[in-house]
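Every number in this text was worked out from the coordinates using simple rules, so none of it is lab data. Bear in mind the structure is a predicted one, so any value in this text is a computation, not a measurement. Backbone-built Cβ (ideal geometry, glycine too); neighbour counts: all protein chains shown.
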Amino acid sequence: MSRNRSITLLSVGHACVDIYQGAVASLVPFFVAERAYSYAAVSGIVLAASVLSSVAQPVFGLLTDRWAMPWILPVSTVLGGLGIALSGLSGSYPLTLVFVAVSGVGIAAYHPESARIARLVSAGSHSAMGWFSVGGNLGFAAAPLMVTAVVASGGLRLSPLLVLPALAGSVLCLPVLRALQKRTALGGTATAVAVGADDKASFVKLSLAVVFRSIVFVGLSTFISLYARQRTGGGTAAGTAALSVLYAGGALGSVLGGSLANRWDRVTVARWSYLLTVAAVAGTVFVPGPLFYVFVALTSAGLYVPFSLHVTLGQDYLPTRVGTAGGVTLGLTVSIGGLVSPLIGSIADATSLRTALAPLILMPVLSWLLFRTLPEPAAPKPVATARRTGGGTDAAAARR
């Protein structure tokens, strides 16, 4: 199977998983309308989706470093969709938390191994990894449209229909996994485990920068639908449009980030992106009317230009722990932003949404400051080896 076809299938599969990360925030207005949840209550739902995911991501990353687990891609995809599909069936708040937490575990299981396989298939191409990341962005962008189309017409009782993308995604990844298995059987992939010294200090700084980015993105994605109504005077459609713009802008940002990294180094591209994002977030918080959507789009693009670059930077800072690096940069530090959502919700309940969202302007400043201290890592050198799986050997991932 060609690299382009494999990356395309992985990208679409990535979309089918990350649609459920976006679905949590997309369901927030419907939980408020149908169940009269407060800002703090809906923040708790986002928190539930994040907590188990945050805990599970490093565990799955460590397992991926020890054993190749390609089978986990279809399994985790179905699990991520099943939790969201069940979240609308019960009026019980604790059960809703359990179901979105189950979805979070599925999403957590997917990302470390998918990042390993995507890096293997991409052969170290920044552009290819950018396209893989675009799939996740498109999934986020499709979430509000999917949720609105299903739930707005019949209420939360129709949420089981939301499992359909997961079923499709679990099937789409199978050709890529079969191709990798075939190459392994022929001895064609027993190559390229990157070796080199781990730069743990730089990896910690990178991870902190991604955490600050995550706080901005998760904070906005949780409340942007409700905030858009206040800033534009619109209704549900205005909120759905704002959330779609926030997610869709990420697709452009990821592609642009990969292209820019082929011309300049990744650290420089990420540094400038975060600096420009400061102004974009400020405009999102303070500018009313139609221009509000322009700043939402700029914020989205600015936050996503460095997104795929985080993954490859993390893998190059930790060349002996590529699964862990992928789990942290693609999963843990992204989901951990949900831990701050209840605080934002509590401040909004006590004051206003604008007051609660204003501190988010500082987050890209902190990411920019951290990137000013980061070096561009050298490409790790590959050596031929093979890794053990549950039933034999699997070619180790091409780390670079």
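Within 10 Å, count the other beta carbons around each residue, average over each peptide in 249-260, 82-93, and list them highest first. Before the final figure, lay out each step's value.
Details: 249-260: 22.8, 82-93: 20.0.
The densest-packed peptide leads the list: 249-260, 82-93.
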For PRO364, net neighbour charge (Lys/Arg +1, Asp/Glu -1) across residues whose Cβ lies under 13 Å away: +3
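Mind giving me the FRET efficiency for ALA350 and GLN230? R0 is 22 Å, r the Cβ-Cβ distance, nearest 0.05 is fine.
Numbers: r = 16 Å, r/R0 = 0.74.
After rounding to 0.05, the efficiency reads 0.85.
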Simple spin-label estimate for THR320 and THR268 in nanometres, 7 Å along Cα-Cβ: 3.2
Helix 291-304 sits off the longest principal axis of the Cα atoms of the chain, rounded to the nearest 10 on a 0 to 90 degree scale, by 20
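I'd like to compare 207-213, 301-307: which one has the highest average count of other Cβ atoms within 10 Å, and what's the full order after that? Could the numbers behind the result be given before it?
Details: 207-213: 22.7, 301-307: 26.9.
Highest to lowest by the protection proxy: 301-307, 207-213.
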Region 49-123 versus region 293-314: alpha-carbon centroid distance in Å: 22
Angle in degrees between helix 200-232 and the longest Cα principal axis of the chain, rounded to the nearest 10: 30
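Once the Cβ-Cβ distance between ARG5 and LEU276 is put in as r, and R0 is 35 Å, what FRET efficiency do you end up with, to the nearest 0.05? Before the final figure, lay out each step's value.
Working: r = 34 Å, r/R0 = 0.98.
It comes out at approximately 0.55.
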Within 11 Å, Cβ to Cβ, of SER207, how many net charges do the neighbouring residues add up to if Lys/Arg are +1 and Asp/Glu are -1? +3
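Work out the FRET efficiency for VAL365 and VAL294 from their Cβ-Cβ distance, taking R0 = 25 Å, and round it to the nearest 0.05.
On the way: r = 21 Å, r/R0 = 0.84.
The computed FRET efficiency comes out at 0.75.
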For the residue pair ARG178 and LEU62, what label-to-label distance in nm results when each label sits 7 Å from Cα along the Cα-to-beta-carbon direction? 3.6
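So between SER38 and LEU158, what do we pick up on full extension, going 0.36 nm a residue minus the alpha carbon distance?
Details: separation 120, 0.36 × 120 = 43.20 nm, distance 2.24 nm.
Residue separation times 0.36 nm, minus the Cα-Cα distance, leaves 41.0 nm.
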Modelled label-to-label distance, LEU252 and VAL171, 7 Å Cα→beta-carbon offset: nm? 3.3
Counting helices only, and only those DSSP H runs with n ≥ 4, report the 222 nm mean residue ellipticity of the chain as the sum of -39,500 (n - 2.57) divided by its residues, in deg cm²/dmol to the nearest 500. -25000 deg cm²/dmol
Taking CYS16, CYS173 and counting other C-beta atoms within 10 Å, the order from fewest to most: CYS173, CYS16
Label assignment, semi-axes √(5λ) of the Cα gyration tensor in Å derived from the structure, set (1) 33, 24, 17; (2) 37, 22, 20; (3) 50, 29, 19: (1)
